[in-house]
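Contents: one structure, followed by commentary.
No value in this document is a laboratory result; all are computed from the given coordinates. None of the values given here were measured: they were computed from a predicted structure. Here the Cβ positions follow ideal geometry from the backbone for every residue, glycine too, while neighbour counts run over all protein chains shown.
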Amino acid sequence: MNEKNEIIYTLSRLKLENNICEKIPAIVMSNSMYPTLRRGQKIYVYPVKNELQIGDLILYKHWEKSLTVHRIADIRTENDFDKVYFTKGDNNKEIDDYRITEKDIIGIVKTE
């Protein structure tokens, strides 16, 4: 992840976690979530207030790419208590081949 995206990630997490703002607007940059979300569509990122569920749309930090919006496809527990999340773009054939931890997640994505 480049320095600019790391700054955006850090500021977004701080704003949501410290209740500085109710939601953060963002723009979809790819069609990996098509037809649910389209490139150029405005979305809003809200703080995670409840336990995440399979099917939730989340914005998270991917260590090789930039910020990513995908749907939770699976949730597993590691080390008896650490949750890890596996995601998938609606327009992708396979579940992503990496796991997401709670510290990677910025928030829940909604169109309003």
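Among the trypsin sites (Lys or Arg not before Pro) in segment 16-112, those located in a DSSP loop and surrounded by at most 13 other Cβ atoms within 10 Å of their own Cβ are Arg38, Arg39, Lys49, Lys65, Lys93.
Mind giving me the nanometre distance, one decimal, between the label points for Glu51 and Asn31, set 7 Å out from Cα along Cα→Cβ? Spacing of the two 7 Å Cα→Cβ label points: 3.8 nm. If R0 equals 41 Å, the separation of the Cβ atoms of Arg39 and Phe81 corresponds to a calculated FRET efficiency of about 0.60.
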